[in-house]
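Just below is one structure, and these are the notes that go with it.
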Amino acid sequence: MTDRITPFFQSQMSLPSRILMVAVAAALLPAVFLPIWKITLHAPQYPGGLTVHIYSHTVRGDVQEVNELNHYIGMKAIRAEDFGEFRFVPFFILRFFAFAALAALVARLPVAAIGYIDFMIFGAVMLVDFQTWLYDYGRRLDPKAPIHLEPFTPKFLGTTQVGQFHVTSFPDWGAVVMLLAGLAGPVILVYEWRRQRAA
Amino acid sequence: MIHHGSGRGARLAALGAGLGLALSGLACGGTAGGGADVSSIAQARGLSATDVEAAVKTYVPTGKMDDYLMFASGGQSGQVEIIGIPSMRLLKVVGVFTPEPWQGWGTGAEETHQVLAEGRMEGRDLTWGDTHHPALSETDADYDGQYLFINDKANPRVAVIDLRDMETKQIVTDPLMGANHGGTFVTPNTEYVIEGSQYAVPLDGQYASLDQYRERYRGAVTFWKFDRDRGRIDQARSFSMELPPYWQDLSDAGKGPSAGWAFINTFNTEMATGGDMEGQPPFEAGASANDMDLMNVIDWRKAAQVATEPGKTVTIQGRRVIPLKTAVAEGILYFIPEPKSPHGVDVTPDGTRLVVSGKLDPHVTVYSWAKIQKAIQDQDFSGKDAYGVPILNFDSVLDGQVELGLGPLHTQFGSNDIAYTSLFIESAVAKWSLKDMKLIEKLPVHYNVGHLAAAEGDTKSPDGNYLVSLNKWSIDRFQPVGPLHPQNFQLIDIGGPHMDRLYDMPIGIGEPHYAQIIKADKIKAWTTYPGVGFDPGTMSVDSAAPQAGKERIERKGNEVDVYMTAIRSHFTPEHIVVNRGDHVVIHITNIEQARDATHGFAIDKHNVNLSLEPGETQTVRFVADRAGVFPYYCTEFCSALHLEMAGYLLVRP
């Protein structure tokens, strides 16, 4: 087995894999600017719903209205400047972009592999981080707020009921492109492995 | 199409047919069991097939929008009403000449008082108006949905309403006139807003006895220059023209080939001065003696030119006026004979003809613009009036006459050369063809119809689907609500081969005169103000407006400035402590951005109520002249904790 793995990682990546890496790089770049996650609040008096879009670098959408509603239950206002993540996440995405572009350029599988592992760890950490924030917002309610609510934890994926609101949290386009980029990793690995064996 | 069967049998048969129609529609929609219900509901409520058809044509279910917006004058209320068509639902009453507390119009908000103060005349605050003729701004003779103008007949004034926020932005006064009626009408690109006078008075505003009527009394027309970029009438570039002391009536502006000209009807060419107690014939008889009156034909483009030339205008009460003599000498003003006490003059959509309704003549008289132009060129005059104005030869300019019935007043247009004329005395609408100059049919209306308004009916391309009959009397149409009856707006379907009455809408806030109907999608009204701290007076964000986190109270001597914000469900600050005699200025911004999140701001016993729409900023100024404790609170039910949205003004002795 080892006699196969070493040359596998030492060999040049094939053209199809390199093209795919270019596609991955191309997909990652817009993720810096696309909304990554979206939280939608539905209630009778908001026929179009209220949506908060979370970007790599900021938060946009009906943030003011959501904060206005949240103040009734004593939830802390969502303010972009409170999130240190917004300062470094764009550069992380750019780093994955650089790994993918470099892997395509030098055609070395280890470069792609390191970038991929880095990317996966980052994804997992960010999801945990996101859920931690949600926990923090839902649990640390001001006891002097006009409306007293049992502390709750909104789900990072799925629907939570808060008062008259259905709060739905779901990946947005930025996450979709990152997910597709992530899928390219195993595809290249399997493809290259088979190619080696066939050779 | 189902029509009004005379007998009971016919009615029942028609009901069956109509319900069949309704049933098949429901079957298509797949509503289980709905059909049977509709028929039994109709029967139980005593609705005929025609009624059901009308209901189906007008009903706009929740969440759906109307196709058209009608802007109607509010008559003695001094306001403007916005009504959806075909539902005939009242959407809004816009405060114009009269305080409208709901909108915070003239009840404390400084900016609104400034606009109302523009409308002061003779040193008086005028707290009402008699709005008559709304005019939507036009581009290339088509409504563009940007502005609305409206006159106050009682105190000759014109107001400008911005259709982005549907608020009145300007009021201009016309001291020359004694009541205006021939306005407002706009020229095809809203270059000018035309305002014609009604009752002749001395233009200089001085006293002159009625014995001097012919020498000293005059009519006038004012061409208000509209500055579209500023959204305001430019008074310095506006001008007026002296007219003989007949009583001017309605006006219209030419379009297409007749663009550049304005037409104003007159009555009382007899120059009757009334005096029923002095043994003179009353006005109603004295002003109706002549068989023919005179229509003013005015070359406004030339008039605008002449008004800028030195020595050709005089200044009366601060206004630039083209004297009658100059108007005649410059070839700006002509007369056309028109049958007996005319009311409306309406230019056809293609601008080639004018339709005049002679109130006391059963005809509409149609004039050809090409013939009028030729007669002017050829100096084909039948004479001059007492003031030297050339009168065009009636036969040379006549296109034809159509006998419609008694009391024709106003004409509106449908598509395909179809015209609709109101018949006041007959209480009917006459549909007639401009093509073959023939009456097609008449529809009774309830009752005493004044103006008509058709969908885009006085643009170059009328839509030909809806017509509203603006009836003066409703008599037995509505549940009695005391001796003062509402007016009755009747919606008529003119899309089919026959006119069908669809809906009666009671108007319980004044006697509307004219209305205009615009395709709803032409209006791009704001749903919230486009910035926080937005001043509707300047239509821009005020950088000095209070902002979230920067609320404060500043005192300089006895001047106290309060910078306040409003957001669900609190004002910041909630305590204002001042000393008796302090000059208090409260600046408030509604820092909301959500649609419909309006807050009110009322102060106990201070005659203050503001309406702060999302993003809006307003200022209220008063002297705290009485020591005491005065709650202030939000007057728009804004949230579950609306009642808690309050504060205290504490005035220390």
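How shielded is B:589-597 by partner chains, expressed as the average number of their Cβ atoms within 10 Å of its Cβ atoms?
Numbers: counts 0, 0, 2, 3, 5, 8, 5, 1, 2.
The shielding value for this peptide is 3.
Between B:VAL577 and B:ARG89, the modelled label-to-label distance comes to 4.9 nm, taking each label 7 Å out from Cα in the direction of the beta carbon. Bridgeable lysines around B:LYS302 (alpha carbons under 19 Å apart, same-chain partners fewer than 8 residues away excluded): B:LYS225, B:LYS255, B:LYS312, B:LYS325, B:LYS374.
Interface burial in the range B:625-653 reaches 30 Å² or more for B:LEU641, comparing the full protein assembly with the chain by itself; accessible area from heavy atoms with a 1.4 Å probe. Among the chymotrypsin sites (Phe, Trp or Tyr not before Pro) in the range B:88-135, none is located in a DSSP loop while being surrounded by at most 14 other Cβ atoms within 10 Å of its own Cβ. Label reach from A:VAL22 (point 7 Å along Cα→C-beta): in the range A:81-122, amide nitrogens under 18 Å belong to A:97-109, A:112.
Take the cross-link list B:LYS57/B:LYS524; A:LYS144/B:LYS92; B:LYS371/B:LYS438 and give me the ones stretching past 29 Å between alpha-carbons. In this structure, A:LYS144/B:LYS92 exceed 29 Å between Cα atoms.
Out of every Cα-Cα pair that the range B:85-167 contains, those further apart than 22 angstrom amount to 30 percent.
With a 10 Å cut-off around each Cβ of A:61-70, the average count of Cβ atoms from other chains is 3. A convex hull fitted around the alpha carbon atoms of the range A:13-190 yields 109 Å³ per residue. Label-to-label distance, B:TYR207 versus A:MET120, with points set 7 angstrom from Cα along the beta-carbon direction: 10.3 nm. Sorting B:151-159, B:201-209, B:50-58 by their mean Cβ neighbour count within 10 Å, with the most densely packed peptide first, gives B:151-159, B:50-58, B:201-209. Mean per-residue shielding of peptide B:130-140 is 0, counting Cβ atoms of other chains within 10 Å of each Cβ. Under a Gaussian network description of chain A, with springs only between Cα atoms under 10 Å, the residue in A:ARG140, A:ARG95, A:ARG60 that fluctuates furthest is A:ARG140.
Can you compute the FRET efficiency between B:GLN235 and B:ARG477 using 1/(1 + (r/R0)^6), with r the Cβ-Cβ distance and R0 = 30 Å? Round to the nearest 0.05.
Values: r = 43 Å, r/R0 = 1.44.
Once rounded, the FRET efficiency stands at 0.10.
Relative to the Cα centre, the charge distribution of chain B, modelled as +1 at Lys and Arg Cβ and -1 at Asp and Glu Cβ, gives a dipole magnitude of about 480 debye.
Hey, could you grab the Kirkwood Rh for the protein assembly as shown? Inverse mean 1/r over distinct alpha carbon pairs, Å, one decimal. Before the final figure, lay out each step's value.
Values: mean 1/r = 0.0311 Å⁻¹.
It works out to 32.1 Å.
Legend: calculated FRET efficiency, B:GLU284 to A:PHE86, from the Cβ-Cβ distance at R0 = 51 Å, rounded to 0.05, equals 0.05.
When peptides B:346-356, B:395-405 are sorted by average Cβ neighbour count within 10 Å, with the highest value leading, the order is B:346-356, B:395-405. The stretch between B:GLU554 and B:ARG626 holds 23.9 nm of extra length on full extension. This uses 0.36 nm per residue minus the Cα-Cα distance. The peptide list B:642-650, B:252-260, B:178-186, put in order of mean Cβ contacts within 10 Å with the highest first, becomes B:178-186, B:252-260, B:642-650. Working from label points 7 Å from Cα in the Cα-to-Cβ sense, the B:ASP385 to B:ARG214 distance is 1.4 nm. The alpha carbon gyration tensor of chain B gives principal lengths a ≥ b ≥ c with a/c of 1.5 or higher and a/b no greater than b/c, which makes the shape oblate. Among the helices of chain B, those built from whole DSSP H runs whose Cα atoms reach 27 Å or more along their own axis and whose mean Kyte-Doolittle hydropathy is at least 1.0 are B:8-29. Take the Cβ-Cβ distance between B:ASP227 and B:SER415 as r, set R0 to 41 Å, and report the resulting FRET efficiency rounded to the nearest 0.05. It comes out at approximately 0.75.
Listed by chain and number, the aspartates and glutamates placed with their C-alpha closer than 19 angstrom to that of A:LYS38 are A:ASP62, A:GLU65, A:GLU68, A:GLU81, A:ASP82, A:GLU85, A:ASP129, A:ASP136, A:ASP172; residues fewer than eight positions away on the same chain are left out.
The values are calculated or read from the model by the stated rules, or taken from the named source; none is laboratory data. Quantities reported herein were computed from a predicted structural model and do not represent experimental measurements. Note that we place each Cβ from the backbone using ideal geometry, even for glycine, and neighbour counts take in every protein chain shown. For accessibility, only protein heavy atoms count, side chains too; no ligands or nucleic acids. Shrake-Rupley method; radii C 1.70, N 1.55, O 1.52, S 1.80 Å.
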